[in-house]
1. Taking the Kirkwood radius as the inverse of the mean 1/r across Cα pairs, report the Rg/Rh of the stretch 108-254.
2. How charged is the neighbourhood of residue 118? Take every other residue with its Cβ under 13 Å from the Cβ of residue 118, and add Lys/Arg as +1 and Asp/Glu as -1.
3. Loop only by DSSP, 16 or fewer other Cβ within 10 Å of the Cβ. Give me the chymotrypsin sites (Phe, Trp or Tyr not before Pro) in the stretch 131-173 that pass, ordered by residue number.
4. For the stretch 236-243, take each phi angle, set θ = phi - 60°, evaluate the Karplus expression 6.51 cos²θ - 1.76 cosθ + 1.60, and give the result in whole Hz per residue in order, putting x for glycine and proline.
5. Determine, from the Cβ-Cβ distance of residue 249 and residue 130 and an R0 of 41 Å, the FRET efficiency 1/(1 + (r/R0)^6), rounded to the nearest 0.05.
6. Once amide H atoms are built 1.01 Å from N in the peptide plane, which residues 5 or more positions from residue 330, or in another chain, come under 5 Å H to H?
7. Once fully extended, how much extra length lies between residue 349 and residue 90, figured as 0.36 nm per residue of separation less the alpha-carbon to alpha-carbon distance?
8. Based on the Cβ-Cβ distance of residue 231 and residue 257, what FRET efficiency does E = 1/(1 + (r/R0)^6) give at R0 = 35 Å, to the nearest 0.05?
Amino acid sequence: MNDIDDDKRDRGAALRNPHDIDAAFPILTKDVGTVTPSSTDRGEGELGRLASNAISDVLGWKFRPGDAKGFVAALSGSFDLTQIEGHTEATWRPRGYAVQADLGAVTGAQASLAARARTAIKDSLTLLDALTPLRVDFDPQDAELFRSLVRDDMRGLLHEFESPLIRVPKVDQLFAMLLFNSAIDVDTRRGGVGGGPITDENVGGHLGRLRDEFGLISRLVNTIEEERVQTSFITLVDWNVSLFEGWTRVRARIDPFNPPTDSSGFFGPALIALSQLMAATAAQVEELWAALDSVLINAGEREVLRVPVPPVIPTGGGGSDLDTAPKESMTLGGLTRWVHEFALNDGKKMAELGKDGVDNAFVQVARRLQDIVGALPRRFRTPPGEDNTRDFANTLPAGFFSRRVQIAIDELHDDLQEIVRIAQSVHHPDDFLPESNGSAKLSDKQIDDLVARLKAELSPPAKPRPRPRPKA
């Protein structure tokens, strides 16, 4: 099978099973005290490396040289400062590792839901704590159990709405436990219970069990005070149902890792997802460097080993035919440094220019890197009898084709594919064409519709025909 057939499949699917090349090298182990290439570039010693790793773990932030803005943003997002009795106390808020705090933000529908949830859940927790049972035979342990479950569900929702990377399945699960009796799909719950609205009388889940355990039903209400307790529960249900309805309206547009293809997604969450993917890509490049070091391909040798570069325009069949395309190449070290620099610095600068920067620069570079990494040789060839160094395949050592190196390359290719998938959904709508001065230009279809409407409005009304006189 030739290379062009392999390019039609996932790169990892074309890898062969381990063979004798892997047995020639020692088992890959990694000492946590080993200085990484990036830390060497910064001139760090062992103590400096440990400090950098500790700061990255606490702040959930990937170090970039000279990025003071990113450090301050990560620091501000990881600690809450509170003035208490004349002094300031800092509370740490754990963040997901490698979420770039300085790129992207919680915006759009997620920010709206988070703002509503902060108010609604704060007031709901007050009402929840004030509920008293109307049943005379209630079980105190069961009643407090379901009160605690409802409290945990609402706090979990607030935490997800405020999280930089919202987890859509977890939000679905929390609403299912809070309002429904089973974890059925969100789309089937859109119409409420049995197709009707969700009320205090038919709500399920933990709120429904809370109602049953406390006896918060109309037939047990006898006095004004008891009716106030029931009213508190009705309000508690209404606020949570309102949050659920808002969630169902924007759910399809809010997941940064599953953006809509019609550009209706939100830019802030998409940038957060891209920043996390770029940090993971930078880390994967460092893993590839470690794998290459373990098979005796050191940094110096990587700067002279050449790898193929596919043409910018693919040749036939959607893949690059490396046998017929021009034999362009670049050094392996130059390629990996290009990917590393793009993931740490260059990509961030492009994304900071807004949607136009992502659409016109970021995606193009990411797609080019994806093509080059995907075209890296994946199969060891028996060296020909003639020593022809003009062919890049003859210059690559056997260790390049070892299983560990090929898996690291495949994972890097997967990361770049994911970056392209997310980034290519960030663009202006098709019917919005920005001018160079930032103003909006109408598309051809919009112009045609506008001209037709203006003609209809400006054309003189037709004169009514005179009625014929009846014959005598």
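1. On the Cα set of the stretch 108-254, Rg over Rh gives 0.97.
2. 0
3. 138
4. Residue by residue, the stretch 236-243 yields 4, 5, 4, 5, 6, 5, 4, 4 Hz.
5. That pair, residue 249 with residue 130, gives E of 0.85.
6. 307, 309
7. Gain on stretching residue 349 to residue 90: 90.1 nm.
8. So the FRET efficiency works out to roughly 0.25.
Quick note: the coordinates plus some simple rules give every number you see, no bench work behind them. It should be emphasised that the depicted structure is a prediction, and the values quoted were computed from it without experimental measurement. Neighbour counts are summed over all protein chains in view; Cβ atoms, including those assigned to glycine, are modelled from backbone coordinates with ideal geometry.
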